[in-house]
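Trainee: Pasting a structure below so you can have a look.
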Amino acid sequence: MSISIITITYNAEKFVERTIQSVISQTYSDIEYLIIDGNSKDNTLKIVEKYKDKISQIISEKDKGIYDAMNKGLRLAKNKYVLFMNAGDEIYAKDTLEKLFEKQKNADIYYGETLFLDIERNELGIRSEATPLLLPQKLTWKSLQMGLMVCHQAIIVKKEIADEYDLNHPFSADIDWVIKALKKAKTIVNAENIIAIYLQGGFSRKHLWRSLKDRFLILSKHYGFFITCFNHLRIIVRAILFIIKKRKTY
């Protein structure tokens, strides 16, 4: 039950140390840790170097964007499972992986909840409470018809079913990647626990409209154009109802 954890960094001096510490402090021991840096110009690499004896491989070079860097990590990963824990993300607790792999061995995919933080690290709640996206009790590839229902940081995939990220989708390739993996998976296990901590303000949020357009193209490819159009109307209604519900609680 070996796992490769991959961290992508670029000018991430404010965030990368927490990510590294959350990985190297895991009580689960069979971990390969890879850091793929995009030739950072700040102090990211100096911080990474502090932990080099606990990192399996560090690469720093120019890339073609976040998903190109993630593909580099996939190609280098040697272990049975892969998990992307990019700069700013954290594994929830020291025993998260240990408990996860004790739950069931040799699944194709493991998934769980994500705790959301704002940019000042205030807790916003788990994703199923802080957003309209409710984590399915049983996740399948059809679960993603209305968006990425599980955070990318909270899904662990067997490497043999993990395709490379499609660089034709530069803003939402993670959704495409997860759908493809779910289509191949035979055993999908819900951790029924929090796996990751997510600091809001990541790549997709910074490029929101282009990300939404890219997402629409991906969902249309997998589920059909007309179904995706209908589901986006449902997404809009879901968002409105969620906002109304939130306002009533204040």
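Trainee: Taking interchain pairs and intrachain pairs at least six residues apart, which have beta carbon atoms under 7 angstrom, with the first residue in segment 1-22 and more than 23 Å from residue 79 (Cα to Cα) and the second among the aliphatic types (A, V, I, L, M) and assigned to a helix (DSSP H, G or I)?
Mentor: Short answer, once both residue conditions are applied: 13/47; 17/47.
Trainee: Please work out which residue is surrounded by the fewest Cβ atoms within 10 Å (Cβ to Cβ), limiting yourself to segment 114-147 and to residues that are within 24 Å of residue 216 (Cβ to Cβ) and touching an Asp or Glu at 6+ places or on another chain (Cβ under 7 Å).
Mentor: Out of the qualifying residues, it is 128.
Trainee: Kindly indicate which of 82, 48 is farther than 17 Å from residue 155 by Cα, surrounded by 15 or more Cβ atoms within 10 Å (Cβ to Cβ) and either in contact with a Leu (Cβ under 9 Å, 6 or more places away or on another chain) or among the β-branched types (Val, Ile, Thr) (or both).
Mentor: 48
Trainee: Does segment 148-157 contain at least one residue that is out of contact with any Asp or Glu (no Cβ under 9 Å at 6 or more places or on another chain) and modelled with pLDDT under 95?
Mentor: Looking through segment 148-157, at least one residue is out of contact with any Asp or Glu (no Cβ under 9 Å at 6 or more places or on another chain) and modelled with pLDDT under 95.
Trainee: Out of the residues in segment 154-167 meeting the condition of being part of a strand (DSSP E or B) and within 13 Å of the chain's Cα centre (by Cα), tell me which one is nearest to residue 236 (Cα to Cα).
Mentor: If we take residues in segment 154-167 being part of a strand (DSSP E or B) and within 13 Å of the chain's Cα centre (by Cα), then 155 is nearest to residue 236 (Cα to Cα).
Trainee: Right, here's the next one. Where residues in segment 6-63 are among the acidic types (Asp, Glu) and in contact with a helix residue (DSSP H, G or I) (Cβ under 7 Å, 6 or more places away or on another chain), which of them is nearest to residue 96 (Cα to Cα)?
Mentor: Out of the qualifying residues, it is 17.
Trainee: Given the structure, is residue 39 exposed (fewer than 15 other Cβ atoms within 10 Å of the Cβ), modelled with pLDDT of 95 or more and touching a strand residue (DSSP E or B) at 6+ places or on another chain (Cβ under 6 Å)?
Mentor: The answer is yes for residue 39.
Trainee: Residue pairs, Cβ under 6 Å, 6 or more apart or interchain, first in segment 93-109 and farther than 9 Å from residue 27 by Cβ, second assigned to a loop (DSSP other than H, G, I, E, B) and modelled with pLDDT of 90 or more. List them.
Mentor: So the pair list comes out as 107/187; 108/185; 108/186; 108/187; 109/185.
Yes or no, residue by residue, for (1) at pLDDT 85 or above; (2) part of a strand (DSSP E or B); (3) closer than 15 Å to residue 131 by Cα; (4) not β-branched (Val, Ile, Thr):
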{"residue": "181", "(1), (2), (3), (4)": "yes, no, no, yes"}
{"residue": "191", "(1), (2), (3), (4)": "yes, yes, no, yes"}
{"residue": "211", "(1), (2), (3), (4)": "yes, no, no, yes"}
{"residue": "214", "(1), (2), (3), (4)": "yes, no, no, yes"}
{"residue": "219", "(1), (2), (3), (4)": "yes, no, no, yes"}
{"residue": "222", "(1), (2), (3), (4)": "yes, no, no, yes"}
{"residue": "231", "(1), (2), (3), (4)": "yes, no, no, yes"}
{"residue": "242", "(1), (2), (3), (4)": "no, no, yes, yes"}
{"residue": "245", "(1), (2), (3), (4)": "no, no, yes, yes"}
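Trainee: Is it the case, given these coordinates, that residue 172 is touching a helix residue (DSSP H, G or I) at 6+ places or on another chain (Cβ under 6 Å) and modelled with pLDDT under 95?
Mentor: yes
The values are calculated or read from the model by the stated rules, or taken from the named source; none is laboratory data. Worth saying up front: this structure is predicted, and the values here are computed from it rather than measured. Backbone-built Cβ (ideal geometry, glycine too); neighbour counts: all protein chains shown.
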